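*Asks:* I have a structure I would like to understand better, so I am pasting it below and will then ask my questions one at a time.
FYI, it's all coordinate maths here, none of it is from the lab. None of these values were measured; they are calculated from a predicted model. No Cβ is skipped: glycine too gets one built from the backbone with ideal geometry, and neighbour counts run over all protein chains shown.
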């Protein structure tokens with residue numbers, strides 16, 4: 001059985017770039033055996049240079065990826081394991097600085113074993129330099145899309161990889177903070193793979209090598225088109241007539257035949273790309289869909305509930321999406337459709353309240369315009385957390401309620417026969433919500 005694909009720096013650049021121009025390399029004076037006078041270090045560097053044709057463990061430059069210009073940072077694993085030393089830090093800092101000066105996105109193509117042993121703590125402190133450059137680039141409103149190659153471990157994963165806005169990975173790549181030689185002897189190797197990181201919400205997608213250029217190009221195109229205009233309001237895809245009663249609205253919203261988020265997203269976007277995971281060890285693919293897409297020639301970010309109870313990881317993923325879109329100046333569309341937040345014991349252990357609070361805060365402080373369409377159930381605060389204040393519309397087959405009618409009746413100590421009348425008293429229909437000023441009426 002063959003292992004994961006390993007490409008040199010030049011090979012990965014040729015795989016993803018239409019063209020590539022290397023940036024000038026800053027070079028510092030250093031003793032032949034490095035800052036620690038490590039015996040034989042100079043000879044090791046010379047052998048690595050002869051073997052790879054490179055003078056350091058990274059190659060930095062600008063390239064065109066499917067029509068979008070970007071700064072690319074390609075690690076050469078054949079040069080001392082792609083390790084980071086002082087000269088590596090110099091090159092990385094120069095690349096990030098160039099990206100900010102020229103307003104270009106950054107694409108780290110990572111393959112590294114971590115910090116260079118022969119430079120000791122001076123090598124480890126390069127992670128602080130890299131982290132600062134990544135943070136400054138983030139503050140400048142520029143996108144960072146990382147590609148994880150085999151292997152991506154140690155500080156390279158914990159800075160350039162995991163710190164990117166979008167994280168793609170090649171199949172089977174070894175990915176983890178702990179490299180293979182420093183893990184506990186009983187550690188499950190399957191936990192240190194690209195696939196495991198996607199499952200854990202720490203990376204967004206595994207991409208086959210043959211699809212990498214197209215996928216990376218799509219992401220760069222979507223993330224580099226800011227707009228001050230709000231996202232267009234989607235048209236209602238379900239019923240045209242308004243519900244006669246509150247319980248009528250509940251039945252419609254709960255109907256299996258009603259259009260769900262996937263149908264709305266397919267109708268709204270010509271192209272879209274999903275992000276996955278909350279970067280805290282969780283995913284909620286059954287409850288929340290998040291990503292970026294193209295609508296009427298513009299990029300729009302989306303966070304869409306699917307009709308299921310939303311789990312804490314779903315709320316955190318939506319928060320991540322909204323904050324990223326806000327930083328990049330991209331308008332957001334949210335689709336509200338949930339009976340409410342998941343309320344089982346596991347959801348509480350995963351921090352449901354804190355996750356919902358973070359989403360409320362992200363929406364409240366977003367500078368980019370957010371557009372919301374209620375397409376189904378609007379169950380209490382778990383739904384309201386995704387709704388934009390003052391910019392929420394509702395379809396005829398939806399409802400929004402302070403609590404589900406059944407639970408409201410139970411709290412009021414009413415009989416089950418009174419659930420339907422309670423639904424009416426709650427005024428949860430689209431037309432009721434419009435009269436109350438909770439939603440807007442100018443739905444396309």
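*Asks:* How tilted is helix 86-101 with respect to the longest principal axis of the chain? Cα atoms for both, answer in degrees (0 to 90, nearest 10).
*Replies:* It works out to around 50 degrees.
*Asks:* Quick one: Debye curve from the alpha-carbon atoms of region 9-223 only, equal weights, vacuum; give me log10 I(q)/I(0) at q = 0.16 Å⁻¹ to two decimals.
*Replies:* Relative scattering, expressed as log10 I(q)/I(0), comes to -1.05.
*Asks:* Along the Cα→Cβ direction, 7 angstrom out, place labels at residue 117 and residue 418. What is the inter-label distance in nm?
*Replies:* Calculated label separation equals 7.5 nm.
*Asks:* Could you work out the relative contact order of region 246-436, using alpha carbon pairs under 8 angstrom and six or more residues apart, expressed as a whole percent?
*Replies:* 21 percent
*Asks:* If you don't mind, there's one more thing I want to ask. Relative to the longest principal Cα axis of the chain, at what angle does helix 41-52 sit, 0 to 90 degrees, rounded to 10?
*Replies:* Rounded to the nearest ten degrees, it is 70.
*Asks:* How big, on average over all directions, is the shadow cast by the Cα convex hull of region 366-437, in nm²? Walk me through the numbers before you get to the answer.
*Replies:* Values: hull surface 20.2 nm².
One quarter of the hull surface, i.e. the mean projection, equals 5.1 nm².
*Asks:* Relative contact order for the chain: what percent, with Cα pairs under 8 Å and sequence separation of 6 or more?
*Replies:* Details: 1004 pairs, mean separation 50.5, N = 444.
Value for the chain: 11 percent.
*Asks:* Expressed as a whole number of Å, what is the distance separating the alpha-carbon centroids of region 134-203 and region 66-114?
*Replies:* 15 Å
*Asks:* What 222 nm value per residue comes from the helices of the chain, counting each DSSP H run with n ≥ 4 as -39,500 (n - 2.57) and dividing by all residues, nearest 500 deg cm²/dmol?
*Replies:* Details: 16 runs with 155 residues, N = 444.
Taken over the chain, the calculation gives -10000 deg cm²/dmol.
*Asks:* Could you give the nm distance between label points at residue 357 and residue 411, where each point is 7 Å from its Cα heading toward the beta carbon?
*Replies:* Reported label-point gap for residue 357 and residue 411 is 2.0 nm.
*Asks:* Against the longest principal axis of the chain, how steep is helix 352-365, in degrees 0 to 90 to the nearest 10, with axes from Cα atoms?
*Replies:* Helix 352-365 sits roughly 90 degrees off the main axis of the chain.
*Asks:* Right, next: Note the direction-averaged projected area, equal to a quarter of the hull surface, for the Cα convex hull of the chain, in nm².
*Replies:* On the way: hull surface 95.5 nm².
Hull-based average projected area comes out at 23.9 nm².
*Asks:* Now a separate question. Express in nm, to one decimal, how much length is gained between residue 195 and residue 31 on full extension, taking 0.36 nm for each residue of separation and deducting their alpha carbon distance. Each step should come with its number before you reach the end.
*Replies:* On the way: separation 164, 0.36 × 164 = 59.04 nm, distance 4.17 nm.
Here the segment from residue 195 to residue 31 would lengthen by 54.9 nm.
*Asks:* Right, something else. Report the extension gain between residue 441 and residue 136 in nm, rounded to one decimal, defined as 0.36 nm multiplied by the number of residues separating them, less their alpha carbon distance. Walk me through the numbers before you get to the answer.
*Replies:* Details: separation 305, 0.36 × 305 = 109.80 nm, distance 4.20 nm.
Between residue 441 and residue 136, full extension yields an extra 105.6 nm.
*Asks:* Taking a ≥ b ≥ c as the square roots of the eigenvalues of the Cα gyration tensor of region 246-436, is the shape rounded (a/c under 1.5), prolate (a/b larger than b/c) or oblate? Provide the component values of the computation, followed by the final result.
*Replies:* Details: a/c = 1.94, a/b = 1.46, b/c = 1.33.
It is prolate, given that a/c is not under 1.5 and a/b is the larger ratio.
*Asks:* Still on this structure, I have one more. Rounded, prolate or oblate: which one fits region 98-256, using the alpha carbon gyration tensor with axes a ≥ b ≥ c (rounded when a/c is under 1.5, else prolate when a/b beats b/c, else oblate)?
*Replies:* On the way: a/c = 2.79, a/b = 1.75, b/c = 1.59.
In terms of gyration-tensor shape, prolate.
*Asks:* Give the dimensionless ratio obtained when the Cα radius of gyration of region 97-138 is divided by 2.2 N^0.38 Å. Write out the running numbers ahead of the final one.
*Replies:* On the way: Rg = 12.4 Å, N = 42, 2.2 N^0.38 = 9.1 Å.
Normalised Cα radius of gyration, region 97-138: 1.36.
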